[in-house]
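Laboratory data are not the source of any read-out in this text; all were calculated from the coordinates shown. Since the structure is predicted, the reported quantities are computational estimates derived from the model, not experimental observations. FYI the Cβ positions are ideal-geometry reconstructions off the backbone, even for glycines, and counts take in every protein chain you see.
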Amino acid sequence: MTKINDKTLLHLLKEQLKKKRNLEKENTQLLKEVKKLNQKLLESESFKSHFISNVTNEIINPFSSVKGLAERIIHLKAGEMKKAHSLAKLIYSESAFLDFQLMNIFMAAHLETGEVKMEISEFDIPHLINEIIEYLKPEINKKKIAIETYYYPSLSMGDKLLFKTDREKLRFILVNLVSNAIKFSNDGSLVTIHIKTEGDNLEIKVQDEGIGISKENLNEIFDRFKRIDKKIHSLNSGNGLGLSIVDGLVNLMNGKIYIESEKGKGSIFTVVIPPATNSELLSDEDGLFVDDEEEKF
Ligand code: ADP
């Protein structure tokens, strides 16, 4: 048996002690992380139950309205065309809202399972922007929001601005951003859309003069189910899915999203999208090419 002298023994003991301390440190660190994860899990559970109750309201309420309004049309007397027209307008507005909610829920589910593919086409940006404004007309009219659109370099009436990417995904991104800009603005305020070609890239800014977002909340708004102000949200529809979808789609398109915002002053959401590359076009084995101007929603 080898003899261990005092010096070596002391050295070994010191090493053991060091190891023990490191293990203790690791344990404390692990415990902290487990606590953090547990907290996140609890938050996500509470977000999910909020989400389920929000979604339930947002699907059931407009459905009941549509049903009720249609029933009123059925019982109208002959010659009450004007009344029928205004009830039909209300049905249109409720179904547009329902359509938007359902599209977001399905897109979130597809993103979650990684099933979303790029479907490339070359299309006219002003045509898409006008289509989005038209789609959001019920919300715009309800809140008497003024929408202004600017192109850089400027375009004359009827000029085209062709860009190659996934039209439906870009539409999803912009519908969510413009809808939020309207939702978080006071009645009668201004929402501006700035469209710029920057090198080969397309840059779109959606600017509002609404409630804004504080610095500490800026990092959280892209989290799924996250909604910042409960008081404001009781007045506004939504499920906290929109920006997480926007973020997922911008990533899929190799783009970037930036936010400038000040509480009480308004927000600017900027999306920068590169044109789809030839390799993205060639990888489209499933024949997913979409004709210009094809309606997707
Ligand atoms: P939702 O709009 O359904 O609540 P989103 O994911 O689209 O969900 O947005 C998450 C949260 O980010 C919103 O609930 C709101 O608190 C904040 N937010 C998003 N856009 C704006 C905006 N333009 N102005 C102020 N707050 C915003």
Taking Cα atoms only, helix 167-183 is inclined relative to the longest principal axis of the chain by an angle, in degrees rounded to 10, of 90 degrees
Positive-end extreme of charge dipole, the range 3-129 - chosen from L12, Q29, S93 (charges on Cβ): L12
Going by C-beta contacts inside 10 Å, put M157, M118 in order with the fewest on the left. M157, M118
Scan the chain and hand back the longest stretch that contains none of the GluC sites (Glu not before Pro) lying in DSSP loops with at most 10 other Cβ atoms within 10 Å. 116-284
Add +1 for every Lys or Arg and -1 for every Asp or Glu among the other residues with Cβ under 12 Å from the Cβ of T192, and state the total. -2
Listed residue (H127, G79, V191) projecting farthest to the positive dipole end of the chain, Cβ model: V191
Does anyone have the angle between helix 242-252 and the longest principal axis of the chain? Alpha-carbon axes, 0 to 90°, nearest 10? 70 degrees
Residue exposure sequence - R167, R21 - by fewest surrounding Cβ within 10 Å: R21, R167
From the square roots a ≥ b ≥ c of the eigenvalues of the alpha-carbon gyration tensor of the range 49-133, which class results: rounded (a/c under 1.5), prolate (a/b over b/c), or oblate? oblate
Over 30 Å (Cα to Cα) among K40/K164; K117/K263; K36/K215; K144/K265 -> K40/K164; K117/K263
Just how large is the dipole of the chain about the Cα centre, in debye to the nearest 20, putting +1 at every Lys and Arg Cβ and -1 at every Asp and Glu Cβ? 2060 debye
Counting other beta carbons within 10 Å of each Cβ, put L162, L136 in order, fewest first. L162, L136
